[in-house]
Amino acid sequence: MLKDKYAERIEKIFSKYQDKRSAVMPLLYLAQEEYGWLPEESFSEIGELCDIDPTQVKSIAGFYTMYSEKPKGKYWLQVCTDLPCALRGADQFHADLKEYLGVEEGGTTEDGLFTVEHVMCLAACDKAPMLQCNFHYMENLDMEQMKAFIEEKRAEAAKGDQ
Ligand code: FES
């Protein structure tokens, strides 16, 4: 339960807002950090914490692409394919990335490491192709860089398994 495990952090989050319902978004981030995604019970937990209905929490989560209601890979790769990025080759980059990882849009690799999906503008239009990996921006990318990144993460995961 979030409220037991993160009592201090939750208190700190609430202290930044005048009312509890305003803390929904940072609490969604906290839940996503804990579970890796937002399972149904996280909406009930947050609803209870904020004194609002879980369906309201779920509707907020559903509105934003930074929240996921499906399990994701360890590395959540969100590629911007909005128009300005598309003009700098983002569509091809997105397609090549999916092909290299062997996944469809929104899919996760069998080893559970990578999820790829496209998103709208991330406000780094002049640095396309770009993506955010677990909310960290990676910019001016090409597939050689991505292959190196992917293989590095695979190697780290393999070491961790030993
Ligand atoms: S259009 Fe891709 S970051 Fe703005």
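Expressed as an acute angle from 0 to 90° and rounded to the nearest 10, what is the orientation of the C-alpha long axis of helix 54-63 relative to the principal long axis of the chain?
30 degrees
Among DSSP beta bridges whose residues both lie in the chain, state the antiparallel percentage, nearest 5.
Expressed as a percentage, antiparallel bridges in the chain total about 55.
Just 83, 28, 97 to compare: in a GNM of the chain, with alpha carbon springs under 10 Å, which one fluctuates most?
Of 83, 28, 97, the Gaussian network model singles out 83 as fluctuating most.
Could you work out how far helix 90-101 tilts from the main Cα principal axis of the chain, as a 0 to 90 degree angle to the nearest 10?
90 degrees
Within region 104-162, list the GluC sites (Glu not before Pro) lying in a DSSP loop whose Cβ has at most 16 other Cβ atoms in a 10 Å radius.
Those that pass, being in a loop and sparsely packed, are 104, 105, 110, 139.
Going down the table (72/127; 127/159; 98/159; 3/72; 70/153), which pairs top 28 Å between alpha carbons? Can you show the working numbers first?
Working: 72/127 25 Å; 127/159 32 Å; 98/159 24 Å; 3/72 23 Å; 70/153 22 Å.
Result: 127/159 exceed 28 Å.
Cut-off 10 angstrom, C-alpha nodes, Gaussian network model of the chain. Which of 67, 35, 75 fluctuates the most?
Highest fluctuation among the options: 35.
Determine the calculated [θ] at 222 nm for the chain from helices alone, applying -39500 (n - 2.57) to every DSSP H run no shorter than 4 residues and normalising by the residue count; nearest 500 deg cm²/dmol.
-14500 deg cm²/dmol
Can you give the convex hull volume of the alpha carbon atoms of the chain per residue, in Å³?
About 130 Å³ per residue, rounded to a whole number.
Once each part is reduced to its C-alpha centroid, what is the distance from region 130-152 to region 44-68 in angstrom?
30 Å
Nearest 5 is fine: what % of DSSP beta bridges in region 75-161 come out antiparallel, could you say?
Counting only bridges with both partners in region 75-161, antiparallel ones make up about 55 percent.
How many percent of all Cα-Cα pairs in region 75-161 sit more than 18 Å apart?
When every Cα pair of region 75-161 is considered, 37 percent fall beyond 18 Å.
Bear in mind these aren't lab numbers, they're just calculated from the coordinates by the rules spelled out. Since the structure is predicted, the reported quantities are computational estimates derived from the model, not experimental observations. We place every Cβ from the backbone using ideal geometry, glycine too, and count neighbours over all the protein chains shown.
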